[in-house]
1. What does DSSP give for the chain in terms of the percent of beta bridges that are antiparallel, rounded to the nearest 5?
2. Please turn the phi angles of the range 55-62 into ³J(HN,Hα) values with the Karplus equation 6.51 cos²θ - 1.76 cosθ + 1.60 (θ = phi - 60°), one per residue in order, whole Hz, x for glycine and proline.
3. Considering amide H positions built from the backbone, and no H for Pro or chain starts, which residues 5 or more places from TYR160, or on another chain, come under 5 Å of its amide H?
4. Label 7 Å along Cα→Cβ of ALA227; the range 49-84 residues with amide nitrogen under 13 Å?
5. Starting from the Cα of GLU47, move 7 Å in the Cα-to-Cβ direction to define the label point; list residues of the range 1-30 whose amide nitrogen is under 19 Å from there.
6. Could you tell me which residue out of LEU118, ALA65, GLN103 lies farthest along the dipole of the range 2-261 toward its positive end? Charges go on the beta carbon: Lys and Arg +1, Asp and Glu -1, centred on the Cα centre.
7. Under a point-charge model restricted to the Cβ atoms of Lys and Arg (+1) and Asp and Glu (-1), what is the dipole moment magnitude of the range 59-180 relative to its Cα centre, in debye to the nearest 20?
8. In debye to the nearest 20, how big a dipole does the chain give about its Cα centre with +1 on each Lys and Arg Cβ and -1 on each Asp and Glu Cβ?
Amino acid sequence: MHIACCLWALSGTETDLLRNVRELGFDWIDIQPAHLQTLESRLLAQELGLRVSCLGASFGLPPGASLESADSSARETAIAHCLKAFEHAHAVAAQVVYVVPGQDDSADGLTRYGASLLQLAEHAARLGIKLALEHFPGKALPTASETLAFIGALGHPNLYLLYDSGHILLSGEDPAEVICNAGDRLGYVHFDDNDGMGDLHWSLLDGVMSEDALYDTLRALQKNGYAGALSLELSPSLPKPERALHKSRDILLFALHRATFQ
């Protein structure tokens, strides 16, 4: 496992973001479709030794577009946006792309969403990229268990779960149980903390997450055989986002050492 940083955890120009992330000690970054679009930024990332771990494909969807929309043209627009993002992910050698659920939790809405996901999963597979689906409180798939069941029902070999520690805190699920149940369908991991009520993307251990819970989560990931990124997805609106990232990186490194050698 390696530690990554979501580039949107900081504010500023893209060149400043890349330099700041590298100065904080990160070698891996998560990006959005608008990132690394220029030759200048891609060359700078290469010069800094920054590798792309994951791309959030559903960021920046055009207004009105959604993967579950009853309007076929709105669905096609959303699919086209994601497919273009996948091509960009492939160009920058990202290993994983992910999307978030929509708002329509009706049977028809989920059926339409599933059909869109199957199309996207097939295209991502052709590019050699994993497609992960993030469980998201307040959306159509609010829990990890529901998201895993949805993935299982679709049955596509290139559909995975994106596990988010902050969302787990909100849904009240047991991290080790979720990770165990995910098995080889665990595709990516986000780490962040909150107060148990809002999706605040705080620094680790600043909210309701405990050291023991973090340790148990990492032990579960090791038992699962997960070898991907542990990506810090913190809020850029934190009082001192650079300090929060540095602190969270150190906490993760210490907890990984503890989980490995104890």
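All of the numbers you see were taken from the coordinates with simple rules; none came from a lab. Fair warning: this is a prediction, and the values are worked out from it, not measured in the lab. So basically every Cβ, Gly included, is an ideal-geometry build from the backbone, and we count neighbours across all protein chains shown.
1. Antiparallel bridges: around 5 percent, rounded to the nearest 5.
2. My calculation for the range 55-62 gives 10, x, 6, 8, 5, x, 4, x Hz in order.
3. LEU131, ALA132, LEU133
4. Of the residues in the range 49-84, none has backbone N under 13 Å from the label point off ALA227.
5. Inside the label zone: 12-29.
6. The listed residue farthest towards the positive side: LEU118.
7. Using Cβ point charges on Lys, Arg, Asp and Glu, the range 59-180 gives about 440 debye.
8. 700
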